[in-house]
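Taking it in order: structure first as structure tokens, then the write-up.
The values are calculated or read from the model by the stated rules, or taken from the named source; none is laboratory data. Note that the structure is a prediction, hence the values are computed from the model and not measured. Reconstructed Cβ throughout: ideal geometry from the backbone, glycine too, with neighbour counts over all protein chains shown.
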Amino acid sequence: MGGRFLSIGESMVELSQAGDGLLRKGFAGDTLNTAWYARACLPADWSVDYFTALGDDPLSQDMLSFIEAAGIETNNISRIKGGTPGLYLINLKDGERTFSYWRSTSAARQLAADADHLRGTIEGADVIYFSGITLAILATPLAVDTFLAELRRAKAAGKQVVFDPNIRPRLWADKKIMLNTISDGARAATLVMPSFDDEADNFGDANIEATIARYRALGVANVVVKDGAKGVTLDFEGARSHAPAVQAVHVVDTTSAGDSFNGAFLSRLVTGSTPQEAAIFAAEAAAIVIGHHGALINPDLLPKT
């Protein structure tokens, strides 16, 4: 029996170096990346939807076409008259990537502007996924409150609400507001999937046990802590387990390591695998992804079982 997976956040226009001073256009974003890998790994009886706000410009239309071509539904995406998507440029120097962003006027900042539309979109989903970046780019504190209220409502209704804190301090004007909002996001979730490095750097967690304890204290039933090459620690209703990382044959681009893990993990978890089984599958998928250029790789390259 299938279901509906909904990912909410910001997709951006990506400009990367194409040689001879030329740039290549693409589309990516943490929540879109996770939706992409969830779609690639879920069976056909599951639909995958992406929700954001886009403009009415040609770039927004190109992005819609790109998302739809991946088999991801876009029917609920809001369109903002006169709006445009955010944009980022990948800079390469000696093989190292840095990023320049233009997103202050991104239409995605208005994704919670229509509370009724947001509610209807969430009500139609079985699994709702969002991230700390989703919270960070919302235009106003009222928009954050509106968004989190709908997620709390979904959680109370028994839906699976999944949150990756994906902490990016440069997106937040104030560290205290950032930490409080991330914590509020966790309170609205049934499953939180943090990266330990982010939690240690920003919340000061001394170890993974501290990260799990903090999120459990916020009312989160299940926690999956990603710790790079050290693997993943899972705590589901207090039952603790560990899944090792899978070593990539050759690391080329780690941009979407966490996003691909999340999408692959959730694809297995919601279709009946145990958390341990889901984590083992997701680790294999992430190892393949980081062995290729770009955030989004050909789905045919991913593991099938």
Of all residues making up segment 262-288, the number that are assigned to a helix (DSSP H, G or I), in contact (Cβ under 8 Å) with a residue 60 or more places away in the chain and either of a type in the set (Val, Ile, Thr) or within 30 Å of Val13 (Cβ to Cβ) (or both) = 7
In segment 137-191, what count of residues is obtained for those that are closer than 19 Å to Arg214 by Cα and β-branched (Val, Ile, Thr)?
-> 7
Taking into account only those residues within segment 35-75 that are under 21 Å from Glu284 (Cβ atoms) and more than 17 Å from the chain's Cα centre (by Cα), which is surrounded by the most Cβ atoms within 10 Å (Cβ to Cβ)?
-> Trp46
Any idea which of (1) surrounded by 20 or more Cβ atoms within 10 Å (Cβ to Cβ); (2) free of Cβ contacts under 8 Å to residues at least 60 places away in the same chain; (3) small (Gly, Ala, Ser) is the one Gly120 doesn't satisfy?
-> (1)
Give the number of residues within segment 258-271 that are surrounded by fewer than 21 Cβ atoms within 10 Å (Cβ to Cβ) and either within 14 Å of Tyr129 (Cβ to Cβ) or modelled with pLDDT under 95 (or both).
-> 1
When restricted to Leu148, Leu142, the only residue surrounded by 15 or more Cβ atoms within 10 Å (Cβ to Cβ), of a type outside the set (Lys, Arg), at pLDDT 95 or above and within 22 Å of Asp174 (Cβ to Cβ) is Leu148
Pull up segment 1-56, narrow it to residues that are part of a strand (DSSP E or B) and of a type in the set (Gly, Ala, Ser), then point me to the one that is nearest to Ala113 (Cα to Cα).
-> Ala53
Failed item, numbered, when Ala35 is tested on (1) of a type in the set (Gly, Ala, Ser); (2) more than 23 Å from Ile80 (Cβ to Cβ); (3) in contact (Cβ under 8 Å) with a residue 24 or more places away in the chain = (2)
Only unsatisfied item for Ser131, checking (1) without any contact (Cβ under 8 Å) to a residue 12 or more places away in the chain; (2) of a type in the set (S, T, N, Q); (3) buried (at least 19 other Cβ atoms within 10 Å of the Cβ), is (1)
Among the residues of segment 217-232, is any buried (at least 22 other Cβ atoms within 10 Å of the Cβ), in contact with a His (Cβ under 8 Å, 6 or more places away or on another chain) and either of a type outside the set (Lys, Arg) or within 18 Å of Ala295 (Cα to Cα) (or both)?
-> yes
Flag if Phe27 is surrounded by 17 or more Cβ atoms within 10 Å (Cβ to Cβ) and within 26 Å of Glu150 (Cβ to Cβ) = yes
Could you check, for segment 179-187, whether at least one of its residues is touching an Asp or Glu at 6+ places or on another chain (Cβ under 7 Å) and either basic (Lys, Arg) or surrounded by 15 or more Cβ atoms within 10 Å (Cβ to Cβ) (or both)?
-> no
Counted residues in segment 22-32 being under 10 Å from the mean Cα position of the chain (by Cα) and farther than 12 Å from Asp49 by Cα come to 2
Could you please find all residues in segment 32-80 being touching a helix residue (DSSP H, G or I) at 6+ places or on another chain (Cβ under 9 Å), closer than 18 Å to Leu269 by Cα and aliphatic (A, V, I, L, M)?
-> Ala35, Ala38, Ala40, Leu42, Val48
Helices (runs of 4 or more DSSP H) (entirely within segment 119-205) containing at least 3 residues that are closer than 26 Å to Thr98 by Cα = 132-137, 175-187, 196-203
Please state which one of Met1, Met12 is among the hydrophobic types (A, V, I, L, M, F, W, C) and over 20 Å from the mean Cα position of the chain (by Cα).
-> Met1
Failed item in (1) polar (S, T, N, Q); (2) closer than 19 Å to Ala40 by Cβ; (3) modelled with pLDDT of 95 or more; (4) surrounded by fewer than 22 Cβ atoms within 10 Å (Cβ to Cβ), with Thr254 passing the rest = (3)
So, of the residues in segment 1-24 that are of a type in the set (A, V, I, L, M) and surrounded by 14 or more Cβ atoms within 10 Å (Cβ to Cβ), which turns out to be nearest to Gly71 (Cα to Cα)?
-> Leu6
